[in-house]
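Please read the structure below before turning to the comments.
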Amino acid sequence: MLLALSANQKLGIALMAGALVVFALVSAMVIPRYRPDFPARNLAWFIGACVLLTVGMLATVAFVAKETEHEAAGETHATETGTTGTTETTETTETETTGGAAGGSEAAARRSVDAMVAFNRPNAKTHSGVWRDLAIRKRRTEVDVQIRPIAEIGATHGLACPTVQKLVDMIHEVEDGARALSDDNLVALMRA
C-alpha cells in the first residue's frame, strides 16, 4: 500500500504522524518533567487534544488512501516476467471481471496471483509459521484457525476440500507425534 502512494500522499501521512508523535513525546516526557501533576486541572484539554489528533490521523489516512474515480475504474496490475527485471502492465477490462464463480475470470485471477508472487518474492520466508512451530518451536500450531476455515468456507458453498482437511489432519498427527515431520508427507497429501 505504501509503495502505491504518491509523494504528496506520503508527505501528508508523514506530517500528521509526526505531529502525533511529537505530541505524544512532549506530553509523556517533557511536560511531566516540569509539571509532575500534568495534566491535572487541564485533563479535559489533554483528552480533547488526544481525540483530535487521533481523529486527524485516521481522517488523513482515510483521505489519502481514497482512490480517485479513474484509479477505481481502470485498475492496472503490474507483474514481473521471468528474471530479466522487466515489468508488464495490463489493463483490467469489464469483460475480464464478469466471468467465473467468484466474479472474475481465471486470467484475472492468475494475473493477481502473479502480482502477489512478484511483490512477495524479495521478502518471502522460506518456511511457514506452521512449519516453524512444528520443526523449531516444537509446539502446537494455529492450523485450526488459519487453515481449517478454508475447508469450512468451502463447505458452506458446496465445495468439498478434502486435501485441505487431510492437511489439517496430518498437521495434528505431527503435533501429536503420530507422524514424522518429513517431505514424505507432501507425497501422502498429494495422494489424498
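The selection criterion, being more than 27 Å from the chain's Cα centre (by Cα) and among the acidic types (Asp, Glu), does not hold for Asp169.
Scanning the range 167-180 for residues that are in a loop (DSSP other than H, G, I, E, B) and crowded, with 16+ Cβ neighbours inside 10 Å returns a single hit, Arg179. Within the range 140-166, the set of residues being in contact (Cβ under 8 Å) with a residue 12 or more places away in the chain and exposed (fewer than 11 other Cβ atoms within 10 Å of the Cβ) comprises Pro162 only.
Only the coordinates and a few stated rules stand behind these numbers; no lab work does. Remember, it's a predicted structure, so these values are computed and weren't measured experimentally. Virtual Cβ from ideal backbone geometry, glycine too; neighbours counted across all protein chains shown.
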